[in-house]
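Participant: Have a look at the structure that comes next, please.
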Amino acid sequence: LVRSQILIAQGHELFSDEVGIPPQDEIPRNGYAIQARITTEDPENNFAPDYGRILNYRSAAGFGIRLDAGAGDAGSIITPFYDSMLVKLTAFGSRFDVALSRMSRALREFRIRGVKTNIPFIENVINDPTFRSGQATTRLIDTNPDLFKFTPRRDRATKLLNYLSDVTVNGNATAKGYDPERIIPPARLPHYAPKIDKPKGSRDKLLEIGPEKFAEWARDETRLLITDTTMRDAHQSLLATRMRTVDMLNVADAIAQRTPELFSLEMWGGATFDTAMRFLSECPWERLAALREKVPNICFQMLFRGSNAVGYSNYPDNVVAGFVKHAADAGMDIFRIFDSLNYLPNMQVAMEAAREHGKVICEGTVCYTGNLTGKYDLNYYINKAKELEKMGAHTLCIKDMAGLARPAAAKQLVSALKQEIGIPIHFHTHDSSGINAASVLAASEAGVDIVDLAISSMSGSTSQPNLNSVVAALEGQERETGLDGDALQEFADYWEQVLEFYKPFDTSPRSGTAEVYTHEMPGGQFTNLKEQANAMGLGHRWPEIARCYAEVNDLFGDIIKVTPSSKVVGDMAMFLITRGMTPQEVLEIEPGSVDFPESVIDMLWGGLGQPDGGWPKDVQKAVLGNKEPTTKRPGELAEPVDLEATRAELSKTLGREATDNDLYSHLMYPQVFADFQKFLENYDRLTGLPTTAFFYGLQIGEEVHIEIAAGKILFVKLISIGDANEDGVRNVFFELNGMPREATVVDHKLAPKDVVTREKGNPKDPLQAVAPMPGMVTEINAEVGQQVEEGDPIVTLEAMKMLTTISAGQAGKVTEILVVKGEPVESGDLLAKLEA
């Protein structure tokens, strides 16, 4: 072009031989070409320039593609002082549509991480029907708002590397104190034939004949039916509920194929719902769906806390009923419904919802404590069982959550119940005493229909009795289970290897203990409360805590103890221990003068319902002061939740349509769900990440593979960890699918105390002012306490000589200004907070 300009300036004709441009009518059209300028401009923010370090840069290539490179390269620093163009991408083809297809393919091949680009906008343009038809004009952008509707880029690989960098350098907060010095090998999987159809099992029978006839079948079956609790109560009892979904999925196919004789798999509910989101950063609903896909033939069973659902307080009736229906629709088959005080009115709504669904089993539950003497004698349990049968239970569960049912008592209770009720009896116990397998066998002799057991390597102590051993003990007997002992042993070998992944959480006693008959602590609570004591620095006082737990139970009137009532007893015990008080001293204080835990106040007010005989009046007076207790069913006092209005509000917060999974997770645990969503924004879903990498990060040279979608696997290898700079920041070097990648992370042990990490905001929250791009604060347009209207300016930023005003998303009062004039900010930094 420049040469032609010089020649023309010298007097040569445009079409002369010297210039070499033929006349227009001699220029043939040999095809079509399209050029796209890829820049670091954000189309979602009015094409504001972005700058920073390019973390990863992968170019497109192939026939019909030309690249004229600019500043684009991994490691390049994009500054605010120069042109933001990274590369010119040219696609050509014999036809216009061919050139467009090549351009589209090339744009999809680009991977540019660390800075925002205009690629999503270019993709929308070249895929626009008007543009593809050749009818586009210069008004195309002005008249087509759909060009600015973008599918969010998940960037899962970068988020995964960021997580691995952080956990490798800083550790996982929930697994502190354990840092394996070697690479822990993956667990060896049990054998199964993936191409063979899974045999018919209990779920096939339930779907075929319906819940009523299914219950009759279970009652008439000669063999002892088995529920395997390994995927729920076993790890809740042994490992503080920390079992991750990936370790369940790895063995699920083999379970479905090799043990279809199981009555059910208990794999959901109880504490797993909270823990999955809070500590494992997993969606409990996705766990249910993923396991359901792999195990379509065996009934799934969940523990449902009556009006407490899967939470720790009472929920409105329509929330409880809605949760049951949604869980049933999602694939749950057996709802073990109980109340933590055996207060049957609290179970009614959930039981009715399960029965109304018509395709699931409603298992009414009576919680067991004591030794068939005193307050909780044989008549107590018989009366409760009869009432549950009248309420519509398909099956009855005796829930011995602390392992208190001694063999003679188990036999006596089952024998009596078999004479009094006509529905199947399901016996649940824990092996806390060390002799509860004998209780299971005694119950079997008395005619119990179903029992809960755990795979041998996950059994014993605060978990359930040994499934493998009970199956072996019944071989050749009338009640032989029909389960394959070889398959069970392979499962035991698998789980034994998996246990090594969870060493920091294994705080269960090494052996059974008769102490359980004193403190009566549920097996599922034992490890959780011990973990809580350790976290508070009180682990060395555990015997004292256990004694205080028993004394608090007596103070409350010797109540049924299972979540959430057991949690309240634990809360009170920890409260008294930390304050140097005894349970007796509670009765000696001025009523209402001590701020007891909210859970204690709520329970004694009547928030969990009523124990048989009511609450001790003197204890209520001491704790509640002048607050008047209630004897009404808590669900009657709770206003129904407007589910669709709640969904609409939640959708605004999430920036997308809230699903039923989102809705019920939010209703159960609003803050936990919000924190989980924040984790997903930062790191995306890590369900497929091997457990050792999730908790402990990677060792140098260790490689893991992660399936992030069906057929899409990432291979990640840790190469090295760089030295920290003066701010404590390290570079962590990986290979991702064979290509070099790096991430940066602050080493918390080395970071200077005065280095401030700015809080990130939620741009979807109208009560937050969030930086849409990196820049410099040039003006503070509002002040704390000022009342602002929607659209009023809050902060002004400057980047690349472009001013951007961040305005109020809605009317409100400014509560915090988090920046000062002249301060640099990064994209996503929280600048100010408002309140409505």
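Participant: Here is a list of conditions, (1) surrounded by 19 or more Cβ atoms within 10 Å (Cβ to Cβ); (2) within 14 Å of Ser459 (Cβ to Cβ); (3) modelled with pLDDT of 90 or more, and Gly523 meets all of them except one; can you say which number that is?
Facilitator: Checking Gly523 against (1) surrounded by 19 or more Cβ atoms within 10 Å (Cβ to Cβ); (2) within 14 Å of Ser459 (Cβ to Cβ); (3) modelled with pLDDT of 90 or more, the one that fails is (3).
Participant: Return yes when Glu588 is over 20 Å from Tyr315 (Cβ atoms) and either touching a helix residue (DSSP H, G or I) at 6+ places or on another chain (Cβ under 7 Å) or not assigned by TED's automatic domain parsing to the domain that holds Leu341 (or both) and no when it is not.
Facilitator: Details: over 20 Å from Tyr315 (Cβ atoms): yes; either touching a helix residue (DSSP H, G or I) at 6+ places or on another chain (Cβ under 7 Å) or not assigned by TED's automatic domain parsing to the domain that holds Leu341 (or both): yes.
Yes: the conditions hold for Glu588.
Participant: Same structure, new question: Go through (1) surrounded by fewer than 23 Cβ atoms within 10 Å (Cβ to Cβ); (2) not hydrophobic (A, V, I, L, M, F, W, C); (3) not in a helix (DSSP H, G or I) and name the single condition Gly322 misses.
Facilitator: For Gly322, the exception is condition (3).
Participant: Of these, Leu164, Leu207, Leu189, which one is touching a residue at least 40 places away in the same chain (Cβ under 8 Å) and crowded, with 18+ Cβ neighbours inside 10 Å? Walk me through how you get there before you give the answer.
Facilitator: Values: Leu207 fails: crowded, with 18+ Cβ neighbours inside 10 Å; Leu189 fails: crowded, with 18+ Cβ neighbours inside 10 Å.
Exactly one of Leu164, Leu207, Leu189 is touching a residue at least 40 places away in the same chain (Cβ under 8 Å) and crowded, with 18+ Cβ neighbours inside 10 Å, namely Leu164.
Participant: I want to confirm something. Restricting to the stretch 40-66 and keeping residues that are closer than 15 Å to Leu107 by Cα and of a type in the set (Phe, Trp, Tyr), which single residue is farthest from the chain's Cα centre (by Cα)?
Facilitator: Within the stretch 40-66, the match that is farthest from the chain's Cα centre (by Cα) is Phe63.
Participant: What tally of residues in the stretch 576-595 results from selecting those that are crowded, with 19+ Cβ neighbours inside 10 Å and under 17 Å from Met536 (Cβ atoms)?
Facilitator: Total satisfying the criteria: 2.
Participant: How about the stretch 359-385: which of its residues are of a type in the set (Gly, Ala, Ser), assigned to a helix (DSSP H, G or I) and within 24 Å of Val516 (Cα to Cα)? If you could, list the steps in order and put the result at the bottom.
Facilitator: Our first condition is that a residue be of a type in the set (Gly, Ala, Ser); within the stretch 359-385, this holds for 364, 370, 374, 385.
Still in the running and assigned to a helix (DSSP H, G or I): 374, 385.
Answer for the stretch 359-385, where residues must be of a type in the set (Gly, Ala, Ser), assigned to a helix (DSSP H, G or I) and within 24 Å of Val516 (Cα to Cα): just Gly374.
Participant: Only one residue in Ala573, Ala535 is buried (at least 19 other Cβ atoms within 10 Å of the Cβ), outside the structural domain of Ile398 (by TED's automatic domain parsing), over 21 Å from Lys375 (Cα atoms) and not β-branched (Val, Ile, Thr), so which one is that? If you could, list the steps in order and put the result at the bottom.
Facilitator: Working: Ala535 fails: buried (at least 19 other Cβ atoms within 10 Å of the Cβ).
Testing whether each residue is buried (at least 19 other Cβ atoms within 10 Å of the Cβ), outside the structural domain of Ile398 (by TED's automatic domain parsing), over 21 Å from Lys375 (Cα atoms) and not β-branched (Val, Ile, Thr) leaves just Ala573.
Participant: Quick check on this structure: which one of Phe556, Phe575 is more than 22 Å from Gly403 (Cα to Cα), aromatic (Phe, Trp, Tyr) and touching a helix residue (DSSP H, G or I) at 6+ places or on another chain (Cβ under 8 Å)?
Facilitator: Working: Phe556 fails: more than 22 Å from Gly403 (Cα to Cα).
Within the list Phe556, Phe575, the selection yields Phe575.
Participant: Given Thr631, Thr646, which one is in contact with a helix residue (DSSP H, G or I) (Cβ under 8 Å, 6 or more places away or on another chain), of a type outside the set (A, V, I, L, M) and either touching a residue at least 24 places away in the same chain (Cβ under 8 Å) or under 24 Å from Asp329 (Cα atoms) (or both)? Before you say what the answer is, go through the steps one by one.
Facilitator: On the way: Thr631 fails: in contact with a helix residue (DSSP H, G or I) (Cβ under 8 Å, 6 or more places away or on another chain).
Result of the check over Thr631, Thr646: Thr646.
Participant: Which one of these is more than 15 Å from the chain's Cα centre (by Cα) and surrounded by 15 or more Cβ atoms within 10 Å (Cβ to Cβ): Gly701, Gly697, Gly655, Gly711? Give the derivation first.
Facilitator: Numbers: Gly701 fails: surrounded by 15 or more Cβ atoms within 10 Å (Cβ to Cβ); Gly655 fails: surrounded by 15 or more Cβ atoms within 10 Å (Cβ to Cβ); Gly711 fails: surrounded by 15 or more Cβ atoms within 10 Å (Cβ to Cβ).
The conditions single out Gly697.
Participant: Can I ask one more? Quickly run through the stretch 1-49 and pick out the residues that are hydrophobic (A, V, I, L, M, F, W, C), within 15 Å of Ser84 (Cα to Cα) and either in a strand (DSSP E or B) or touching a Gly at 6+ places or on another chain (Cβ under 6 Å) (or both).
Facilitator: Filtering the stretch 1-49 for residues hydrophobic (A, V, I, L, M, F, W, C) gives 1-2, 6-9, 14-15, 19, 21, 27, 33-34, 36, 38, 47-48.
Still in the running and within 15 Å of Ser84 (Cα to Cα): 36, 38, 47-48.
The answer is Ala36, Ile38, Ala48.
Participant: Then there is this: Scan the helices (runs of 4 or more DSSP H) fully inside the stretch 414-524 and keep the ones with 1 or more residues being closer than 28 Å to Gly364 by Cα. Break it down stepwise before answering.
Facilitator: Values: elements: 436-445, 467-473, 485-499, 516-519.
Helices (runs of 4 or more DSSP H) meeting the threshold: 436-445, 467-473, 516-519.
Participant: A further question follows. Scan the strands (runs of 3 or more DSSP E) fully inside the stretch 720-836 and keep the ones with 3 or more residues being modelled with pLDDT of 90 or more and aliphatic (A, V, I, L, M). Steps first, please.
Facilitator: Details: elements: 729-736, 739-746, 768-770, 775-780, 793-799, 802-807, 812-817, 830-835.
Correct list: 729-736, 739-746, 830-835.
Participant: Going through the stretch 480-514 one residue at a time, which ones are surrounded by 17 or more Cβ atoms within 10 Å (Cβ to Cβ) and under 18 Å from Glu445 (Cβ atoms)?
Facilitator: Correct list: Thr481 only.
The values are calculated or read from the model by the stated rules, or taken from the named source; none is laboratory data. Since we're looking at a predicted model, the values are computed, not measured. Note that we place each Cβ from the backbone using ideal geometry, even for glycine, and neighbour counts take in every protein chain shown.
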